[in-house]
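One structure is given here, and the rest of the page talks about it.
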Amino acid sequence: MSRREDATLSAGYDSWRQSRLAERTALAGQQRTWNHLITVLIHDAASASRETLSHTLSSLLGQTYRNIEIVVAGVHEIDLPDVDDFTSLRGLFAEPTLDALNLLSDPAHDHLWRGSHLGFAAAGTTFDTDAFALLNRMLSPLRGTPMPDLIVCDHDRRDAGAVPQPCFLPGWDPDLIVSMDYVGTAFMASRKLIFSRRSAERPNSLHGWLRTLASGPLAVGHLTETVMHLPTALPRPSAEPADMRLPRPRSVAIVIPNRDQPKLLKRCVGFVKALENLSPELVIVDHASTDPATLALYAELQEKHGARIVRVHGRFNFSRMVNMGVAAATADVVVLLNNDVEITHPRQLELMVAHAMRPEVGVVGARLLYPDGSVQHAGIVLQPGSHSEHPVLAQHVLRGAPGNADGYLHAMRTVRNYQAVTGAIVASRRTVFHEIGGFDEVCLPVEYNDVDYCLRARLKGFRVIALPTDGIIHRESATRGSEATPEVLRMRIASMRLIAERWREAVDQDPFCNPHVDMGDRPQAGFPWTDRVGNP
């Protein structure tokens, strides 16, 4: 993150946070939810000053929600304030020999905490007065919604007296947590979850424990208020690559819909000869090409790479072309590739294919660049449109950002989960494609078929991820052009309306889109205290 972005973050954040707290306080009514007992484990207290520890204890004592017990690891009772001052809570306890991480791994320590839920706080952490009231409220979800076993919280970080930097989280992202400790101690876990995820091996850190939760389904809540203030620096991706043993695909097919455009197609397929670990099955789906140069290129691709040419006639239907191309393929993994995409780093395609082999992943997208090096796509965020002719917005994350930018919370340098990615280049296992049902060639013949495909993958329980690839260039709309004719506009509006009706819940609440961060179709993240272009 640049210094300018740091300044934008800090300039108006604290006053905004204070106003949010005042609004929540004014609206707070009588608590009608069940009072769950929450245990707060304070760690790193032995190395902290009395003043630092006192700040944490005082903020807990000042909570409006009182069903809290506090366990302080590594100190004796004599090092704590008078425990009688905490009788209005569920107590303050010193455990001088306790290692905080042992609560997550050793049943012998279960008697040291009584809560149904457990939170961690390094000495020096402070909390807004309503923090635990909000957390407790999330433990009484709407009927039909499961109680979360894990709640992650928006928060800020205040390292060594520096100005507070907000961490507005993208919810729970099981791929992001593997590569970056973006949650810190801003989470609360149920006793049931802790017991169910125990192993003989003690975790080496809280981040290490959170990483173990990335492998399976999980009921997660996201508190989108910055109620926790952590005494640490902003998160950064791990220096060491994540230990993700990617499966090696046995075979891959590249499916490219095309109509004439021989220069584009030749540039598009140029990567094939540079692949080191893959010998792809090349399938070109042709829609009524007549250019002799195109037909000659087809013959060359057939001769050199064994390309299969699938002929499609009639009205242009991109979804049908994709479906027919996949039907003609036999490989384990299928890469759908627009003819206006150029892959200058073939290893990046191999990485996409490897991620597509992960059993929990259904669709793999990529970070795409414009020819000038700026970002064209790094994932898609969905939200309701402003009027009936634009009922849904499918916006590209940080479109237009410099290609060397990290993005807010390293959005462009980490593997992320999204509800959708662009179909300009995506990889899926062929079995997943068929299980999902392919692209919708009846209702979405041209536009929004990629969004629909991704949402159906998520409905089946698969992840949709975007990789922080380099060297993949997308000359957007080079094939069909960008002119919005009346017919195109009618088709686009009809497609948007269908997505808005078919996927109402996904459009209304994107789980990977924080309500306080705007990263859609803009080069820099915007926040509630900044204007549209990200200036204070």
In degrees rounded to 10, the 0-90 angle between helix 346-356 Cα long axis and the longest Cα principal axis of the chain is 60
Rounding to the nearest 10 and keeping the result within 0 to 90°, find how far the Cα-based axis of helix 486-502 lies from the longest principal axis of the chain. 40
Whichever lysines have a C-alpha closer than 24 Å to that of Lys304, once near sequence neighbours (fewer than 8 apart) are set aside: Lys263, Lys266, Lys273
Qualifying trypsin sites (Lys or Arg not before Pro) in segment 239-308, DSSP loop, other Cβ atoms within 10 Å at most 13: Arg245, Arg250
For Cα extents along the principal axes in Å, calculated from these coordinates, the label among (i) 122, 85, 56; (ii) 89, 49, 45; (iii) 94, 53, 42: (ii)
With every protein chain in place, segment 230-295: carbon and sulfur % of accessible area (1.4 Å): 49
Given charges of +1 on the Cβ of Lys and Arg and -1 on the Cβ of Asp and Glu, with all other atoms neutral, how large is the dipole of the chain about its Cα centre, in debye to the nearest 20? 1460
To the nearest 10 degrees, how steeply does helix 50-61 sit against the main Cα axis of the chain, on a 0 to 90 scale? 80
Per the charge dipole of the chain (beta-carbon charges, Lys/Arg positive, Asp/Glu negative, Cα centre), the residue among Leu206, His36, Val392 reaching farthest to the positive end is Val392
Calculated FRET efficiency for the pair Arg50/Ser205, C-beta based, R₀ 41 Å, to 0.05: 0.95
Per residue accessible area in Å² of the chain, where ligands, DNA and RNA are left out and the probe is 1.4 Å: 43
About its Cα centre, how strong a charge dipole does segment 133-219 have in debye, to the nearest 20, once Lys and Arg get +1 and Asp and Glu get -1 at the Cβ? 440
Would you work out the relative contact order for segment 286-359, in percent, from Cα pairs under 8 angstrom that are 6 or more residues apart? 26
Net charge within 12 Å of Val220 by Cβ-Cβ distance, Lys/Arg positive one each and Asp/Glu negative one each, not counting Val220 itself? -2
Which lysines, on any chain, are close to Lys192 with Cα under 29 Å apart, when same-chain ones fewer than 8 places away are left out? Lys460
Amide H to amide H, which residues 5 or more places from Arg308 or on other chains are under 5 Å from it, using H placed in the peptide plane? Leu282, Val283, Ile284
In whole percent, what relative contact order does the chain give with Cα contacts below 8 Å and a gap of six or more residues? 14
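The values are calculated or read from the model by the stated rules, or taken from the named source; none is laboratory data. Fair warning: this is a prediction, and the values are worked out from it, not measured in the lab. Methodologically, a virtual Cβ is constructed for each residue, glycine included, from the backbone with ideal geometry; neighbour enumeration extends over all protein chains shown. In case anyone asks, the SASA skips ligands and DNA or RNA and just uses the protein heavy atoms, side chains included. Shrake-Rupley method; radii C 1.70, N 1.55, O 1.52, S 1.80 Å.
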